[in-house]
1. Against the condition part of a helix (DSSP H, G or I), in contact with a Gly (Cβ under 9 Å, 6 or more places away or on another chain) and within 19 Å of Ala21 (Cα to Cα), how does Ala161 come out, does it pass?
2. Which residues, taken from region 144-158, are modelled with pLDDT under 95 and among the charged types (D, E, K, R)?
3. Between a first residue in region 13-24 that is closer than 18 Å to Pro73 by Cβ and a second residue that is of a type in the set (Phe, Trp, Tyr) and near the ligand (Cβ under 7 Å from one of its atoms), which pairs have beta carbons less than 8 Å apart while being 6 or more apart in sequence or on different chains?
4. Only one of (1) surrounded by fewer than 18 Cβ atoms within 10 Å (Cβ to Cβ); (2) in a loop (DSSP other than H, G, I, E, B) is not met by Val97, so which one is it?
5. Mind telling me which of the residues Arg163, Arg149 ends up being closer than 22 Å to Glu86 by Cβ, touching a residue at least 24 places away in the same chain (Cβ under 8 Å) and within 16 Å of the ligand (Cβ to nearest atom)?
6. Tell me the residue from Ala190, Ala199 that is surrounded by 18 or more Cβ atoms within 10 Å (Cβ to Cβ) and under 22 Å from Arg264 (Cα atoms), please.
7. Mind telling me which of the residues Leu71, Leu58 ends up being part of a helix (DSSP H, G or I), within 16 Å of the ligand (Cβ to nearest atom) and farther than 20 Å from Pro40 by Cα?
8. List every residue pair whose Cβ atoms sit under 8 Å apart, with the two residues 6 or more apart in sequence or on different chains, where the first one lies in region 235-256 and is at positive phi and the second, anywhere, is loosely packed, with under 15 Cβ neighbours inside 10 Å and in a loop (DSSP other than H, G, I, E, B).
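The values are calculated or read from the model by the stated rules, or taken from the named source; none is laboratory data. Every value quoted in this text rests on a predicted model; they were computed, and no experiment measured them. Quick reminder, even Gly has a Cβ in these numbers, built from the backbone with ideal geometry, and neighbours come from all protein chains shown.
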Amino acid sequence: MADQRPGQVQTHGSRTAELVAVSRARHLLRHKPPYIFHDPYAFRFLSRRWQRILGSRLRDAFVSRVLLRRLMPITTQPLTRARFTEDCLLAAIENGVGQYVILGSGYDTFALRHPQLDVTIYEIDLASTIALKRDRAGTAGLELPESLRLIPIDFEKDDLAERLTAHGFEPEKRSFFNWLGVTYYLSRDAIQDTLNQVAGITSPGSEIVFDYLAETNSIPEEERTLAERMKNYVGKLGEPMITAFDPARVETDFNTRGCWDVVRNDSPADQQKRYVDGRSDVYALPPLFWCLHLSRQ
Ligand SMILES: C[S@@+](CC[C@H](N)C(=O)[O-])C[C@H]1O[C@@H](n2cnc3c(N)ncnc32)[C@H](O)[C@@H]1O
């Protein structure tokens, strides 16, 4: 994996970001309450093509039971990781955190879902994804709130700290960072660099939650075919998954010592138990992705 290069989503907006929004929209249309993650805006950010598919039970059944049948088990994880992260975030806000930074934000809708909260929200993504998000919000007649700052960046090249502070981020105030669905698309250097930069511009007690892909040896053998299928699929979309980690070595591999305390290294089994067990309408969580919650020392 180490010799692979990040993909190029610069020109057309991220396709994987759209697939995450598809999972969230589909959850409300096809599954039963109580929802794992309730995002009533996700559908409105989809392309017309995806809206047509999800808008018809027949078309959706063809896509999910025929075309993408073997990939469908990965559609639960975007729900559980978002739920886990926003539960941690809401607790942090209760605790006085007033800055929320979403790294690789895609079609995140927290700002629309929580307009009453007194939090400044920074959504950071590639310029192409941000442009498409603005475009789709406009087409859907959605007004993005004043509290939201959309900041273009490429984690492989640009200086996160400089961009954030230029947009009003206050390093001396506690903050919460969300970095979901992104690390596996980045090089190891870009991941470490981003984490170091976040450590450099945050005050003690700030938090970050992100998910990472378990490296192949840490995935049970019978699930490795699914992991390969998933990698092939997103690779063909132009966003290859190039980096994975050993869940037993996260403190060393993310070089957290001296900057971060590990609050929780949440396994797929933990998330399955907390959010999915007892439901027959969603796929069980495959043991591919873990969520890491860190707190700034
Ligand atoms: C799978 S999506 C996740 C979106 C969102 N976090 C979510 O969970 O719904 C991956 C996101 O990472 C962004 N991304 C990928 N490579 C990036 C890079 N080098 N710099 C900045 N953003 C990047 C993509 O544009 C996309 O929005």
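1. Values: part of a helix (DSSP H, G or I): yes; in contact with a Gly (Cβ under 9 Å, 6 or more places away or on another chain): yes; within 19 Å of Ala21 (Cα to Cα): no.
Spelling it out, it is not the case that Ala161 is part of a helix (DSSP H, G or I), in contact with a Gly (Cβ under 9 Å, 6 or more places away or on another chain) and within 19 Å of Ala21 (Cα to Cα).
2. The answer is Glu146, Asp154, Glu156, Lys157, Asp158.
3. Between residues of region 13-24 that are closer than 18 Å to Pro73 by Cβ and residues that are of a type in the set (Phe, Trp, Tyr) and near the ligand (Cβ under 7 Å from one of its atoms), the close pairs are Thr16/Tyr185; Val20/Tyr107.
4. Unmet for Val97, out of (1) surrounded by fewer than 18 Cβ atoms within 10 Å (Cβ to Cβ); (2) in a loop (DSSP other than H, G, I, E, B): (1).
5. Numbers: Arg163 fails: closer than 22 Å to Glu86 by Cβ.
On inspection, the qualifying residue turns out to be Arg149.
6. Working: Ala190 fails: under 22 Å from Arg264 (Cα atoms).
The unique qualifying residue is Ala199.
7. Working: Leu58 fails: within 16 Å of the ligand (Cβ to nearest atom).
After ruling out the rest, the residue left standing is Leu71.
8. Gly238/Gln8
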